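Report on the following structure.
The values are calculated or read from the model by the stated rules, or taken from the named source; none is laboratory data. Please read these numbers as outputs of a predicted model, since none were measured by experiment. Here the Cβ positions follow ideal geometry from the backbone for every residue, glycine too, while neighbour counts run over all protein chains shown. With ligands, DNA and RNA removed, areas are computed over all heavy atoms of the protein, side chains included. Shrake-Rupley method; radii C 1.70, N 1.55, O 1.52, S 1.80 Å.
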Amino acid sequence: MSNAISQRSSVRAYKATDVEEDKLKKVLEAARLSPSASNRQNWKFIVVRNKETKKKLAKAAFGQFFIGGAPVVIVACGTESKAMLGCGQPTHTVDVSIACAYMILQAYELGLGTCWIGAFEEGETKKILNIPEHVRVVAMTPLGYPNQPPSKKIRKSLDQIVCYEKYG
Ligand SMILES: Cc1cc2nc3c(=O)[nH]c(=O)nc-3n(C[C@H](O)[C@H](O)[C@H](O)COP(=O)(O)O)c2cc1C
């Protein structure tokens with residue numbers, strides 16, 4: 001089992017230490033290399049380091065102020081929001097979520113913490129970052145060195161979430 005999968009946990013307190021440019025690049029590369037439907041790669045990742053902007057993003061995330069405490073915030077957007085997958089799911093939601101998962105795991109391997117943020121006002125976030133109307137904001141994550149011990153993983157057992165051959 002990969003360490004990142006078994007050991008990573010959400011980080012909600014960050015050291016002031018900056019994220020090195022080469023580490024940030026590796027995290028972003030993880031998004032770039034992630035799979036997407038028909039390999040369309042209809043996404044954009046906004047890297048925010050500006051203090052005031054981070055504070056505004058934290059406010060848009062219903063006052064989750066720890067977001068502003070990280071040296072970097074990455075905001076993940078889908079640039080083509082109309083396409084649907086054959087299974088009926090919105091393509092951009094799935095594609096951008098996969099890219100975010102890749103970034104989060106890569107960040108862990110570099111000693112960096114992240115916290116998937118799904119609770120935010122999209123309209124506010126778009127205003128803050130000048131994101132065009134047709135673009136959707138799927139997630140954001142703070143990125144920085146953790147200033148908290150890893151938290152315990154609480155998960156259902158395999159028995160509870162897996163069944164074989166038929167749903168049951
Ligand atoms: C789609 C999604 C949305 C989430 N939104 C938030 C959020 O807005 N704020 C937050 O603090 N954590 C958020 N989380 C983090 C989850 O609470 C966390 O991943 C979960 O409790 C499991 O804990 P772990 O990440 O430490 O393993 C979100 C996670 C996912 C996958």
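As for the range 129-139, it holds at least one residue that is in a helix (DSSP H, G or I), in contact (Cβ under 8 Å) with a residue 40 or more places away in the chain and on the phi < 0 side of the Ramachandran plot.
For residues in the range 140-162 being assigned to a strand (DSSP E or B) and among the aliphatic types (A, V, I, L, M), which is farthest from the ligand (Cβ to nearest atom)? It comes out as L143. With respect to E109, is the statement that it is closer than 27 Å to A13 by Cα, among the acidic types (D, E) and out of contact with any Asp or Glu (no Cβ under 8 Å at 6 or more places or on another chain) true? Judged against the criteria, E109 is a match. With respect to (1) assigned to a loop (DSSP other than H, G, I, E, B); (2) of a type in the set (S, T, N, Q); (3) open to solvent by less than 70 Å² (accessible area, probe 1.4 Å), the lone exception for T53 is condition (1).
Listed here are the residues, each with its yes/no results for (1) within 16 Å of the ligand (Cβ to nearest atom); (2) open to solvent by 30 Å² or more (accessible area, probe 1.4 Å).
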| residue | (1), (2) |
| --- | --- |
| N42 | no, yes |
| I46 | no, yes |
| G68 | yes, no |
| P71 | no, no |
| C87 | no, yes |
| T91 | no, no |
| C100 | yes, no |
| W116 | yes, yes |
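In the range 118-128, the qualifying residues are those that are part of a loop (DSSP other than H, G, I, E, B) and touching a residue at least 40 places away in the same chain (Cβ under 8 Å), and the one that is most open to solvent (accessible area, probe 1.4 Å) is E121.
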